[in-house]
Each structure stands twice: as C-alpha cells, then as structure tokens.
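The values are calculated or read from the model by the stated rules, or taken from the named source; none is laboratory data. Since this is a predicted model, take the numbers as computed values, not measurements. Note that we place each Cβ from the backbone using ideal geometry, even for glycine, and neighbour counts take in every protein chain shown. Just the protein is used for accessible areas: all its heavy atoms, side chains included, with ligands, DNA and RNA removed. Shrake-Rupley method; radii C 1.70, N 1.55, O 1.52, S 1.80 Å.
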Amino acid sequence: MHDEQFLKNTQVPKLLLAVNILLALFYFFMIAFFFQKGELVLFWLLIFGEVFHLWQAITFIWTIWDTEHDVPKDPQFTPPVDVFITVAGEPIDVIEATVRGALAMDYPNFYVFILNDGYVAKKENWADVVRLADQLGVNCITRRKPRGAKAGNINNGLSVTESPFVAFFDSDHIPKPEFLRETVPYFADSQLAFVQTPQFYKNSETNFVAGGAWEQQSLFFGPICKGKNRLNAVTMCGTNMVVRRTALMEVGGMYEGSIAEDFITGFFLHKNGWKSLYVPKVLARGLAPEDFLAYTKQQARWARGSLDLIFQHNLLFTRGITFKQRMQYLSSVSYFLSGWVVLIDAIIPLMFFFTGQFPIQTSTMALATVFIPYILLMLYTIQRSSNSSFTYRALAFSVAGFQIHIASSVASFFRRKSGFSITPKRAQRGNFLYLTVAQMAYIPLVVAGAAYSVVHAHGVVTPAWVANFSWGLINAVVFAKYVRAAAPQTQEPMTVSALLQATQNQEVEI
C-alpha cells in the first residue's frame, strides 16, 4: 500500500455530506415517530442506539466537512530540538533502527536521547540499550525510580534536557530524514503547542491482524485528523510529534495519571488556549500489533485512557476549551462507548427469535426503504473520504470489539486502576479465540434462534422474521471476521530484521 493513499483525496463534496445528514435525520424520524412501537423497553433501547448513531454520523460529517485546512510555516525557523525515543524493553534491533533513523534526519540542530525505562520496568535488556546508545553516540537517560509509566519516563527526560522543542518517537517508529524539516517550521507561530503526524504501520501486510489494525486507523489518521485542523482540536497521539517545551511544562509535563497520557495532555494544552496542528504526511513508520492479544490490549488501553476524559476529567463542563473543541473531544471519546450500542443491536434480533418481542412494527419493505439509502450513502462517504483505505475488515474490527469498549467504560466509570502496557513489537504465537467467546456464541445463537422462531410459528416466515434474520445475519458475518483474527495465524509473521530490510529496499510501497 502506498504510504499516503489514506491522506489523498479526502475532501468529499459538501452536497453529498449534506444529503448524508438529511437521510440520517429522515431515518431517525421514521424510526422514532412514524413506525408503530413494539415492546417499549426494546423500543427505547433501539432509540437510544439510533440517537448514538445519529450523533456519530453528524459529528463525523462535521469533522470531514473541510479536510484541506492549511496554515503557513517558516522554513527558516530551525530552533534546537531534543529527540526523545521512549524505550521499555523492546527488541534491540527495533530500537536501533529507530535511533539510526533519528540520527539520519536532515535538520541543522537536534540532539537524540534514548529514554530508557527498561531498568524500572525490570526488562532484561536495559543494559543492552545503554550499550547501544554508546555504540551509536547518542545520549541514554536511564531512570532508576519508577513513576508514571511512559509519561514519567518522558517527564524525567524533560527534567535533564533543555531544547525549546521536543520530538517524540516510540521505539518502533522510524522517522524519515525530512521529519523535523516538515514539522518544526510551523512553530514560528508562538501559540502553537504541538504538531502531530500520522502513525503509519509499515507492517500492515504482515498478517491479518496487522492489516486490520492499520485499516482501522487509516480513517482516523486520514480525513478525521485532517478535519480536526480547522477546529483546532487535533488529538495528541504520543509518537511522531513535536511539542513546544514551554507549553508542555505549563500543564505540568506529560500527564502521569492516565494510561493515555498523550490524549489527556493534548486536552490540557487546548484547555490552556494553545493551538495544535496535524501535518498529513507520513514522516515516520512504525509497527502494528501482529497478534490478537496485542491488538486487544492496545485497544483496551486507548479506550480506557480516552474514556477517562469523560468520567475523571469532566470533559462536558471543563472551562477553557471552545465549544468546537469540546464537541470534537466528545466525538472522539464517545466512539469508545459504541460497544453498548453494538450489544443492543445484537440482542434485539435474538429477543425476537426467542420471545417474539420487537421494538418497532412495520413492513420489511418500509424499513428497507428508509434504512438502505442512509447506510449505503454513509458507507460510500466513509470510503470516499478515506480513499477506499477503510475496509470491511476495519469495519469488523471496529464493531465486533464491543466487549473491549464495554469493559473499558465500566473500569473508567468506577475508576478502577489500570496498568500501562506496551504493545509487543513481535507477534506472540497462540490461539486467542478465548478473547472472542461472545462473538463465537452469537453466531450459533442467531442460527438456532431463527430456526426456533420458524418452528414456533408452525413454519410461517413473516416479514418481521426476515428483517430480524437479516439483522442478526449481518451481525454474525461481522463477528465472524473478528473471530478469524483471533484464530491461530495461518501466515507466518515477518521477522523484524526482514521487515526492516524490506523497508529499506522499497521506500514507497510495502
């Protein structure tokens, strides 16, 4: 896949976006006010879900309304930059590739630091990282006292360095030579706090999980992040970014109270009136999770950390941020509440099969008439805005992982302690189907329920049965894709050394 396919042609005609909104509103109006109500509890659960879908549709269209916002930069603005590479026990060859990439950046004045957290994280290779730094001639800052996980590691590095700007890279994200040249000149604007660039996964073709993880991210780092530029609501993503030191220190450094320290810190910067910018160019390339367990842990960390903004940081009523920023953060965070709606949508057809209860009563044709145009146009808009990089597999990953979102929202609401975990840089072998028990159970339940309801009705197939079976079948097919990702991989994962060699040999396409 070409590096920047997901960043090109993201602007969707505004007429098409407006029609999307009209169809979404029409569908909701028909469901809520025109069709006859069925069982009231199911009806109101359905309405709750449709309100959520309407919110997601409208805020998505609002975000991507204009994805071509741009601001000037001053190529002559080249202040000193400290480059932080955060490390906590990752493979030495992965770290070395990133350090060498950092050293090769084309910029007049920068200093590379390995922030080595291996000692406090009790990683066996922490001393190897020190030796690697000596070998490559870079600074190595090794913490001896644990505090604040990755955020604490960064804050420790900030305390012993001094350049006015700091670039951040995770251990596996190798910067391109032009990274600093393409990002730092924007800081000629004295109100700009941070510049974020995409997290691009160079191993997306390694296996099924890595491919799905990347395709899921392409929508966010494509049109959504580009749309956030005009609203001054860019999400801080923790790697492949540059931050103004004075702005970061003004909010107390990287926030140590969350496992999504980057997301919360970006929110604090916006609350204090600072600007943000997203540069839609692939300027560094990292590694996607290559096994389902690593993927699940990554998604759980992102979900829990993001939801903390609602349940622990009073997003709805915090002073300082603008209305547009508040709505953008709420839109981003609410995605991780979608698991509850997926659960509702999955239960409704099962309720019909086993109890005969349904939320609305209407003909299959009438429901299809208002639903199909709305959903097809929305899917087309997503494809159009992402330049077809958001796939069915990405949709399945986003929808079928509902239990991750549910568990994370419960943990955040009750303020349960959650430890910081680093996404493994190499695939872990094993059978991870135990992580998809709910999805696996749903598939036979739909089949058994559909058969049971037909038998119970003495072989009569009603329009309501057709509608609910179609609904359940769609859920089952989506869940099956997710279950496949958890099954033992049939494709051998590419080794890190082979991946790095392939990257060197093919710079544009992988």
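I'm trying to understand the selection: among the residues of the stretch 391-417, which are assigned to a loop (DSSP other than H, G, I, E, B) and free of Cβ contacts under 8 Å to residues at least 40 places away in the same chain?
Correct list: Phe414, Arg416, Lys417.
Mind telling me which of the residues Ile114, Ile85, Ile154 ends up being open to solvent by less than 30 Å² (accessible area, probe 1.4 Å), under 21 Å from Pro289 (Cα atoms) and under 30 Å from the mean Cα position of the chain (by Cα)?
On inspection, the qualifying residue turns out to be Ile85.
Report, ordered by the first and then the second residue, all pairs with beta carbons closer than 9 Å, sequence separation of six or more or different chains, a first member in the stretch 243-261 that is closer than 11 Å to Ala193 by Cα and hydroxyl-bearing (Ser, Thr, Tyr), and a second member that is in a loop (DSSP other than H, G, I, E, B) and open to solvent by 30 Å² or more (accessible area, probe 1.4 Å).
Between residues of the stretch 243-261 that are closer than 11 Å to Ala193 by Cα and hydroxyl-bearing (Ser, Thr, Tyr) and residues that are in a loop (DSSP other than H, G, I, E, B) and open to solvent by 30 Å² or more (accessible area, probe 1.4 Å), the close pairs are Thr246/Pro164.
I'd like the full set of residues that are in contact with a helix residue (DSSP H, G or I) (Cβ under 8 Å, 6 or more places away or on another chain) and hydrophobic (A, V, I, L, M, F, W, C), limited to the stretch 369-394.
Val370, Phe371, Leu377, Met378, Ile382, Phe390, Ala394
Out of Lys176, Lys145, Lys150, report the one residue that is closer than 15 Å to Ala284 by Cβ and among the basic types (Lys, Arg).
Lys176
Among the residues of the stretch 240-281, which ones are crowded, with 22+ Cβ neighbours inside 10 Å and either on the phi > 0 side of the Ramachandran plot or among the polar types (S, T, N, Q) (or both)?
Of everything in the stretch 240-281, those that are crowded, with 22+ Cβ neighbours inside 10 Å and either on the phi > 0 side of the Ramachandran plot or among the polar types (S, T, N, Q) (or both) turn out to be Asn240, Ser258, Thr265, Ser276.
Among the candidates Ala193, Ala233, which residue alone is open to solvent by less than 10 Å² (accessible area, probe 1.4 Å) and either more than 29 Å from Arg326 (Cα to Cα) or assigned to a loop (DSSP other than H, G, I, E, B) (or both)?
Ala233
As an exercise: evaluate Phe194 against (1) closer than 19 Å to Gly266 by Cα; (2) over 22 Å from the mean Cα position of the chain (by Cα) and give the number of the one condition it does not meet.
For Phe194, the failing item is (2).
Quick one: would you say Thr78 is among the polar types (S, T, N, Q), assigned to a loop (DSSP other than H, G, I, E, B), surrounded by fewer than 20 Cβ atoms within 10 Å (Cβ to Cβ) and at pLDDT 95 or above?
yes
Given the conditions (1) assigned to a strand (DSSP E or B); (2) open to solvent by 40 Å² or more (accessible area, probe 1.4 Å); (3) in contact with a helix residue (DSSP H, G or I) (Cβ under 6 Å, 6 or more places away or on another chain), and given that Tyr119 satisfies all but one, which numbered condition is not satisfied?
Here Tyr119 clears every test but (1).
Which pairs do you get when a residue that is modelled with pLDDT under 90, found in the stretch 362-377, comes within reach of a residue that is assigned to a helix (DSSP H, G or I), reach meaning Cβ atoms under 7 angstrom, with the pair 6+ apart or on two chains?
That search, which allows pairs on different chains as well, returns Ser363/Pro463; Thr364/Pro463; Thr364/Val466; Thr364/Ala467; Leu367/Ala467.
So which residues in the stretch 283-297 are buried (at least 20 other Cβ atoms within 10 Å of the Cβ) and either on the phi > 0 side of the Ramachandran plot or not hydroxyl-bearing (Ser, Thr, Tyr) (or both), if there are any at all?
Leu283, Ala284, Arg285, Gly286, Leu287, Ala288, Pro289, Glu290, Asp291, Phe292, Ala294
Conditions (1) of a type in the set (A, V, I, L, M, F, W, C); (2) at negative phi; (3) free of Cβ contacts under 8 Å to residues at least 24 places away in the same chain, marked per residue:
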residue	(1), (2), (3)
Lys145	no, yes, no
Gly148	no, no, no
Asn153	no, yes, no
Ser163	no, yes, no
Val166	yes, yes, no
Ser171	no, yes, no
Pro175	no, yes, no
Phe179	yes, yes, no
Thr183	no, yes, no
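Which residues, taken from the stretch 42-75, are outside any helix (DSSP H, G or I) and either open to solvent by 20 Å² or more (accessible area, probe 1.4 Å) or touching a strand residue (DSSP E or B) at 6+ places or on another chain (Cβ under 6 Å) (or both)?
Trp65, Asp66, Glu68, His69, Asp70, Val71, Pro72, Lys73, Asp74, Pro75
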